[in-house]
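Here the structure is laid out as structure tokens; the discussion comes afterwards.
Please treat every number below as a calculation from the coordinates, not as lab data. Note that this is a predicted model, so its numbers are computed, not measured. Cβ: placed from backbone, ideal geometry, glycine included. Neighbour counts: every protein chain shown.
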Amino acid sequence: MVGEQRNFVVGSSSVRLVHPHVLSLLMIIIFATILIRECNAFAHLALPVRVYKTTKNAANTAIDMSTYDVSETTETKRSKFLGIMAAEPSSNPTTNAYEPLIWQHSYDMHGNKQSSAILSDDEVPNTVDAPPLHNQRTLYYKQSLLSNEEATSLQYAAEHSGNIIEWNQIAGIIENGIDIHPQLASMLHPILNNKILPWAREVSNIPTLTVADALIRSYDPSKECQHLTGHYDEAAVATVIIPLNDPISYEGGLYVQTGASEDSRLHVPFSTAGDAVLHKYNVMHGVNVSSGNKRCSLVLWFAEDEESVKSKTVPWIIREAKQSVHAAFLFAYNSQNGLLGFKKDIQVAKEYYSWAAKRGHKQSEYNLYLITLKESEEEKAWEKPIM
């Protein structure tokens, strides 16, 4: 899963009251402190991960996208679900302490209730034009998309499947468009084809939306498996999340984070098991279950068509990279690290971080700062020390 990252001269050679290297260090510390206060949500940007490439045990590896490779030359291929980061002990405040997301309701021509919520973006400075997709990130909500019986049956089957990865509490069902657990897949497909896919295609306005991955995941306060930090599902154009047990039986759950600060987190309320939420790749979100029963949910990651499932590419990020600060940030991140089919190019990464940062995106500003700080330190390493 994904979270966050100038060559600037902070003292001239004419200043001799303080050693220039000491002055530079002091200025960098001050600047970093200011930025980190604004960007305290950057602990770990999370992504639905690609092919796991390592000889280490996944449970003993700090997972990030650098350990994944989408190339066909990868010698050792393991399930991406093994590499998804585990939940941690609960963070503070609890999810229920966040302001709730407010759903706006409307009705279609057939009288069916439609619920959605638009998320705000960081404010754009008045010195630049707002991007075309500014303040247009939308979550969609459908009450009782699955019946209670369908939801609880899926949970029961997953818990008794012998297919749960112990360290991250995930039971994989579909991976890269291929069924990997026949029993769970046979239960899911009728629901998927008759209920989930038609609704997801309608609200996302992507008629070719195709399931890439499906999994069932639990968060259990009794096992200190409670908190998943804010992240983007950037390898999926859209994500659907469906609670399989009663949301009232535990405290907390899903949250979305609209900006860099944890203060921008909003609790996503569900009424009952079987309710569904859809969000796109550009929404940072996480989970925090602080107490009560375990939370079990069905998670589906969608690509925009069969081709992008097969190729493991993210054309939505490329297409919207100069229309959305979130797409620009993810374009930069993948260019910086050579992920998801992107060529590793630090100059391209700096270009897109800069574009988003100029339009108010604090995470891009922070990543750009880290790159330029590293470049500055590398340059200093080549300088002859002043005696």
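In sequence order, segment 186-201 has phi-based couplings of 5, 6, 6, 4, x, 5, 4, 6, 8, 10, 6, 4, x, 5, 5, 5 Hz under the Karplus curve 6.51 cos²θ - 1.76 cosθ + 1.60, θ = phi - 60°, and Gly or Pro positions carry x.
In order along segment 124-135, the Karplus-derived 3J(HN,Hα) couplings, from 6.51 cos²θ - 1.76 cosθ + 1.60 at θ = phi - 60°, round to 8, x, 6, 7, 9, 6, 5, x, x, 9, 5, 6 Hz, and Gly and Pro are given as x. Distant-in-sequence amide contacts of Leu145, defined by a placed amide H-H separation under 5 Å and a gap of 5 or more residues or a different chain, comprise Asp275, Ala276. Approximating the spin labels as points 7 Å out from Cα along Cα→Cβ, the Trp167-to-Ser271 distance works out to 4.1 nm.
What separates the Cα centres of segment 153-181 and segment 285-340 is a distance of 21 Å. Here the Karplus relation 6.51 cos²θ - 1.76 cosθ + 1.60, evaluated at θ = phi - 60°, turns the backbone of segment 206-222 into coupling constants of 10, x, 9, 3, 9, 5, 9, 9, 9, 8, 10, 10, 10, 10, 10, x, 5 Hz, with x for every Gly and Pro.
Close amide H partners of Glu251, meaning residues 5 or more places away or on another chain with modelled amide H under 5 Å apart, are Ser290, Ser291, Gly292, Asn293.
Could you order the peptides 365-378, 271-284, 228-241 from most to least packed, using the average number of other C-beta atoms within 10 Å per residue? The partial results should precede the final answer.
Details: 365-378: 18.0, 271-284: 22.6, 228-241: 24.5.
Highest to lowest by the protection proxy: 228-241, 271-284, 365-378.
A Förster radius of 45 Å combined with the Cβ-Cβ distance from Ile118 to Glu379 puts the calculated FRET efficiency at roughly 0.55.
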